[in-house]
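Every number in this text was worked out from the coordinates using simple rules, so none of it is lab data. Fair warning: this is a prediction, and the values are worked out from it, not measured in the lab. With ideal geometry, Cβ positions are generated from the backbone for all residues, glycine too; neighbour counts draw on all protein chains shown.
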Amino acid sequence: MNRANSVRATFLAALALLGCVQKTNPVHRSDDEEVIEAAMLAFYLKSEWNTADWEKGDFVVLRSKSLTSPRVEFNSTIEGSIASLESEAAQLSKQDPAIAKKTKAQAQQLRTILEQVLTGSPPYDASAHPTINAEHWDPRIVVADPKGFWSFELYRASIKNRLGTNGTMRVIVELKLPGYSHDGQFAVVTATAPWSIHFATLIFVLHRTSGVWKVEYADAAYQV
């Protein structure tokens, strides 16, 4: 093998080794990044939102201020949601028993989540989380600040994601940074969004299962 071929072979071997290193050492993502991504991608799940009409090219647009927003407190947020659901169930008990029963079940689901939180260890500390890097997210999540945030005209308007792919704004979300349970195994995300012609307040509760954050509870309260 001549010198030129030897150098080329060494260069190709180095590239192959670099490729192996890149594959076995994925980018480390913070809990904030993983929790928010899982919550936003829940919009694509029919099991969460009972809708099958999301199409390829529909993007979740996240307002940039969400990345530096205040952090919610886990227990008080969950307890507040429970109180709201129980109050709603009481009001509906006579006029719509079926919905009242469903609403009570939602409140109980949140109570069960609180009961699963372990409190014996030192509390989970989210204050040391690094700044969120949106480049780590699924490209279906677009960080942008379209003008006329609450305008119905933005629904399905055109937008490009970070890869330069054209898509449509299916939902525009403004959220608070996640709140974490004492043991760091549960997280809650609250958000607001214009939804079609409606305005919605959203809540997502996630559970870390085998190292992966998964949505365990999601709900939206709509207002015309």
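Numbers at a glance
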| read-out | value |
| --- | --- |
| Around I99: net Lys/Arg minus Asp/Glu count, Cβ-Cβ under 14 Å | 0 |
| Beta bridge orientation in the range 30-223: antiparallel %, DSSP, nearest 5 | 75 |
| Hits among lysines - C-alpha to C-alpha of K147 under 21 Å, sequence gap 8 or more where chains match | K65, K160, K176 |
| Convex hull of the range 30-223 built on C-alpha atoms - directionally averaged projected area, nm² | 11.7 |
| Taking F199, F74, F186 and counting other C-beta atoms within 10 Å, the order from fewest to most | F199, F74, F186 |
| Estimated FRET transfer efficiency when R0 is 41 angstrom, pair A83-S210 (beta carbons, to 0.05) | 0.80 |
| Inter-probe distance in nm under a simple model that places probes 7 Å from Cα toward Cβ, at A157 and H136 | 3.0 |
| Whole-number percent relative contact order across the range 30-223, with pairs defined as alpha carbons under 8 Å at least 6 apart | 28 |
| Summed side-chain charge close to L110 - residues other than L110 whose Cβ falls under 15 Å, Lys, Arg +1, Asp, Glu -1 | -4 |
| Cβ charges +1 (Lys, Arg) and -1 (Asp, Glu), total dipole of the range 68-224, debye | 460 |
| For S181, net neighbour charge (Lys/Arg +1, Asp/Glu -1) across residues whose Cβ lies under 14 Å away | -4 |
